[in-house]
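The values are calculated or read from the model by the stated rules, or taken from the named source; none is laboratory data. No experiment lies behind these values; they were computed from the predicted model shown. Because the Cβ atoms are built from the backbone with ideal geometry, glycine has one as well, and the counts that use them run over all protein chains shown.
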Amino acid sequence: MTRMKKYFGFLMVALLMTGFVGCGGVTPEQFAQLDELRAEVKSLEQELNSLQSDKTKLEREIAERQAALDQCAKEKAEVKANLKKMGK
């Protein structure tokens, strides 16, 4: 996330600098640079969305495994209790 903020901040600085660099307008090189920055931001946003999706999937998998572990612990406790009853 901080990486995304860094690039967004860089993009903002670049945009501000292009506005302050002379009154003659924006050069084709500046437009090309701006297009490159926009493409990079779009790519980073897609990467961020992909990573967030992966994180969600992993969190769901962890929750499922934790539920299975909790069920096993419950069954283990029941078996121990039953064995204890049988031993008496």
Q. Pick from ALA63, ALA32, ALA14: which is modelled with pLDDT under 85, in a helix (DSSP H, G or I) and either of a type in the set (Gly, Ala, Ser) or on the phi > 0 side of the Ramachandran plot (or both)?
A. ALA14
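Quick check: is even one residue across the range 22-29 outside any loop (DSSP other than H, G, I, E, B) and at pLDDT 90 or above?
yes
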Q | Candidates LYS76, LYS55, filtered to the one that is modelled with pLDDT of 95 or more, surrounded by 10 or more Cβ atoms within 10 Å (Cβ to Cβ), charged (D, E, K, R) and farther than 28 Å from PHE8 by Cα | A | LYS76
